[in-house]
Amino acid sequence: MPIATLFERAKQRRDALIKPGKKLAEFGAELSEGGFAYVAGWCQQAVCEQLLKEHKATVRCLLDTTSQTECFNCDLPSICDVLIAKAY
């Protein structure tokens, strides 16, 4: 099988496992189950990041995008988008 085909399959699988997330109250329950990652906005305040631990999750990486306008927890403006997923 060509490498390009394998790479394309891997990208499709990755994209299928990343969902958009607006507020932690909406997607928090699914976080502790695992299996998905969420792209959400973040104000970069430690208190908001700390709330992810209640759902057994963490900010996995900061993204170069700013598609979300509000933080996933509070109503402050989002500074950057983040990828949030279950912490193992």
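Miscellaneous remarks
- Taking the conditions (1) part of a loop (DSSP other than H, G, I, E, B); (2) without any contact (Cβ under 8 Å) to a residue 40 or more places away in the chain; (3) in contact with a strand residue (DSSP E or B) (Cβ under 8 Å, 6 or more places away or on another chain) in turn, Phe72 satisfies each one other than (2).
- When Thr66 is tested against the conditions (1) in a loop (DSSP other than H, G, I, E, B); (2) surrounded by 13 or more Cβ atoms within 10 Å (Cβ to Cβ); (3) not hydrophobic (A, V, I, L, M, F, W, C), the lone failure is (2).
- For segment 40-54, the set of residues classified as assigned to a helix (DSSP H, G or I) and surrounded by 14 or more Cβ atoms within 10 Å (Cβ to Cβ) consists of Cys48, Glu49, Leu51, Leu52, listed by residue number.
- Residues that are loosely packed, with under 14 Cβ neighbours inside 10 Å, farther than 17 Å from Tyr88 by Cα and of a type in the set (Gly, Ala, Ser), drawn from segment 1-34: Ala4, Ala10, Ala16, Ala25
- Of the residues Ala85, Ala57, Ala37, the single one that is buried (at least 17 other Cβ atoms within 10 Å of the Cβ), more than 13 Å from Lys22 (Cα to Cα) and touching a residue at least 40 places away in the same chain (Cβ under 8 Å) is Ala85.
- Residues satisfying the stated conditions in segment 21-37, i.e. under 12 Å from the mean Cα position of the chain (by Cα), assigned to a helix (DSSP H, G or I) and farther than 14 Å from Asp75 by Cα: Phe27, Gly28, Glu30, Leu31
- Flag if Ala57 is within 19 Å of Tyr88 (Cβ to Cβ) and under 12 Å from the mean Cα position of the chain (by Cα): yes
Coordinate-derived values only; no laboratory data. Since the structure is predicted, the reported quantities are computational estimates derived from the model, not experimental observations. Ideal geometry is used to build each Cβ from the backbone, glycine not excepted, and the neighbour counts take in all protein chains shown.
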